[in-house]
Amino acid sequence: QVQLVESGGGLVQAGGSLRLSCAASGRTFSSGAMGWFRQAPGKEREFVAFINWTGASTYYADSVKGRFTISRDNAKNTVYLQMNSLKPEDTAVYYCAAHYSGSYYVGSSFGSWGQGTQVTVSS
């Protein structure tokens, strides 16, 4: 099992940027793919981004493609989500998760989740 702790959320104006971090401990981090999901009030959790264990392959939801970048530093056991050109509709609690098996965009494919970090984008 891997333990995950997110940080870096906050309040930002539309058009601004934030960088989220997810620190991992426990299971060997460098061998596992990772993902970011988000959940806005009253909405279902949705996929945001995915990165494989080497960092060579990444995938994004259409709604964030071109604005968000997922990356990882295996030496620091950390995965990042750089969010640029933020919009009010990006407001949500953001979660990082460790992938275990199955489709990269499905939450049930991930076995460990962080506690989440709030991102609020004002218009």
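The values are calculated or read from the model by the stated rules, or taken from the named source; none is laboratory data. What you see is a predicted model; the values in this text were computed from it and never measured. Note that we place each Cβ from the backbone using ideal geometry, even for glycine, and neighbour counts take in every protein chain shown. What goes into the accessible areas is simple: the full protein's heavy atoms, side chains included, and nothing from ligands, DNA or RNA. Shrake-Rupley method; radii C 1.70, N 1.55, O 1.52, S 1.80 Å.
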Practice problem: Identify all residues within region 100-116 that are hydroxyl-bearing (Ser, Thr, Tyr) and either open to solvent by less than 20 Å² (accessible area, probe 1.4 Å) or within 14 Å of Glu46 (Cβ to Cβ) (or both); write none if there are none. | Solution: Ser103, Tyr104, Tyr105, Ser108, Ser109, Ser112
Quiz item: Looking at Ala92, Ala97, Ala49, Ala33, which is the one that is touching a residue at least 40 places away in the same chain (Cβ under 8 Å), in contact with a Ser or Thr (Cβ under 8 Å, 6 or more places away or on another chain) and either open to solvent by less than 10 Å² (accessible area, probe 1.4 Å) or within 24 Å of Gln1 (Cα to Cα) (or both)?
Solution: Ala97
Practice problem: Hey, can you tell me all the residues within region 64-76 that are open to solvent by less than 60 Å² (accessible area, probe 1.4 Å) and within 25 Å of Ala92 (Cα to Cα)? | Solution: Val64, Arg67, Phe68, Ile70, Ser71, Arg72, Asp73
Self-check item: Residues that are in a strand (DSSP E or B), over 15 Å from the mean Cα position of the chain (by Cα) and touching a residue at least 60 places away in the same chain (Cβ under 8 Å), drawn from region 1-25
Solution: Val2, Leu11, Val12, Gln13
Self-check item: Subset tally (residues that are more than 24 Å from Ser122 (Cβ to Cβ) and open to solvent by 30 Å² or more (accessible area, probe 1.4 Å)) for region 77-89
Solution: 1
